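Notes to accompany the following structure.
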Amino acid sequence: MSPSPLLVRPPAPANPSLPSRRCAPAVSAASAAVCSASPSTWIAPFPRLRTKCRFAASDVREDYSSTPIDIVADVKTEKAWISIVVLGGSGFVGSAICKAAVSKGIEVVSLSRSGRPSYSDPWVDQVTWVAGDVFYARWDEVLLGATAVVSTLGGFGNEEQMKRINGEANVIAVNTAKEYGVPKFILISVHDYNLPSFLLTSGYFTGKRKAESELLSKYPASGVVLRPGFIYGKRKVDGFEIPLDIVGQPLEKLLSSVENFTKPLSSLPASDLILAPPVSVDDVAYAVINAVIDDSFFGVFTIEQIKEAAAKVRV
């Protein structure tokens, strides 16, 4: 089986406000373009993960056929180059994703309204922080060379605000990433809690589901939707740390221990408001890393599948 085509990145526009991004070697049938990089810029190899999602579209087929090329390139296959853009990277979930990505040697760019976070953890210096709004972003700079986009965009407010941030903002991001040739998109969505359909008509849920639909339409074989429930961890707000894990972690263990007894109740409307186990923000982050590095990881993932995916890459 021939190796998969490598990414070719356009030259970076002259802009002193953003540091230069690394470039991966690439070849094509007509030409060969090589961007030089020092050995220190290459990251350690990742184990190949085989996490097939049973929610993936049924009409997706893997095509292992290939056409020989007439150019031979000396490519060091034991090294990998990965660069992700995290939308909302300075937020609770976004910062956990940035931190996990840095720990795995992945190049990270964050786009958020607040830009760089105020705290000074060591990993923060290894992220390129860009202050901006998704609706007015300079995408040609933000998406340059990205191998994946991760969106944590979402929030509460009135109906119009929720439809805009949960739905429209993510739809714009999906379509723009597709337009710029980013090969993978990962969306942090929300569990439906087994709610009746009439309770899922709020702007929060309709916005999220609209974004999911757009993503799976534009990225049928590489789009990833994670649907966690309550996410716990140590959340930093205005210099203060809110220990959500004090409640979330014991509750997760409790619900997991009685799962066999509560499972018959899962068919009851809105039962998951009580029975859906919380998930740690680190599990969500490492599930994202799994999605980033494994090309066979796509589709919609439930709470339990998020935990399983995280366990595959968590050290």
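The values are calculated or read from the model by the stated rules, or taken from the named source; none is laboratory data. None of these values were measured; they are calculated from a predicted model. All Cβ positions, glycine included, derive from the backbone under ideal geometry; neighbour counts span all protein chains shown.
Out of segment 191-238, which residues are touching a helix residue (DSSP H, G or I) at 6+ places or on another chain (Cβ under 9 Å), assigned to a helix (DSSP H, G or I) and not small (Gly, Ala, Ser)?
Matches in segment 191-238: 199, 200, 204, 205, 206, 208, 209, 210, 212, 214, 215, 218.
Among the numbered conditions (1) within 22 Å of residue 206 (Cα to Cα); (2) surrounded by 22 or more Cβ atoms within 10 Å (Cβ to Cβ), tell me where residue 158 comes up short.
So the condition that residue 158 fails would be (2).
Being among the basic types (Lys, Arg) and under 30 Å from residue 81 (Cα atoms), is that true of even one residue in segment 163-183? Can you show your working first?
Filtering segment 163-183 for residues among the basic types (Lys, Arg) gives 163-164, 178.
Going one step further and asking which of them are under 30 Å from residue 81 (Cα atoms), we end up with 178.
Scanning segment 163-183, I find at least one residue that is among the basic types (Lys, Arg) and under 30 Å from residue 81 (Cα atoms), so the answer is yes.
Hey, among 97, 106, which residue is touching a residue at least 40 places away in the same chain (Cβ under 8 Å), crowded, with 18+ Cβ neighbours inside 10 Å and either of a type in the set (Asp, Glu) or more than 18 Å from residue 281 (Cα to Cα) (or both)?
Sole residue among the options that is touching a residue at least 40 places away in the same chain (Cβ under 8 Å), crowded, with 18+ Cβ neighbours inside 10 Å and either of a type in the set (Asp, Glu) or more than 18 Å from residue 281 (Cα to Cα) (or both): 106.
How about segment 254-315: which helices (runs of 4 or more DSSP H) wholly inside it have at least 1 residues that are aliphatic (A, V, I, L, M), under 21 Å from residue 149 (Cα atoms) and modelled with pLDDT of 95 or more?
Fully inside segment 254-315 and qualifying: 281-293, 303-313.
Select, from 128, 152, the only residue that is of a type in the set (Val, Ile, Thr) and either more than 23 Å from residue 235 (Cα to Cα) or crowded, with 21+ Cβ neighbours inside 10 Å (or both).
152
Output the residue which, of all residues in segment 161-199 that are at positive phi and at pLDDT below 95, is surrounded by the most Cβ atoms within 10 Å (Cβ to Cβ).
Across segment 161-199, the extreme among qualifying residues is 193.
Out of the residues in segment 206-243 meeting the condition of being of a type in the set (S, T, N, Q) and at pLDDT 95 or above, tell me which one is nearest to the chain's Cα centre (by Cα). Don't jump to the end; show me each part of the working.
Applying the first criterion (of a type in the set (S, T, N, Q)) to segment 206-243 yields 206, 213, 217, 222.
Now drop any that are not at pLDDT 95 or above, which leaves 213, 217, 222.
On the way: 213: 16, 217: 17, 222: 11 Å.
Applying the filter and picking the extreme gives 222.
Check 145, 223, 229 and return the single one that is buried (at least 20 other Cβ atoms within 10 Å of the Cβ) and in contact with a Cys (Cβ under 8 Å, 6 or more places away or on another chain).
The unique qualifying residue is 145.
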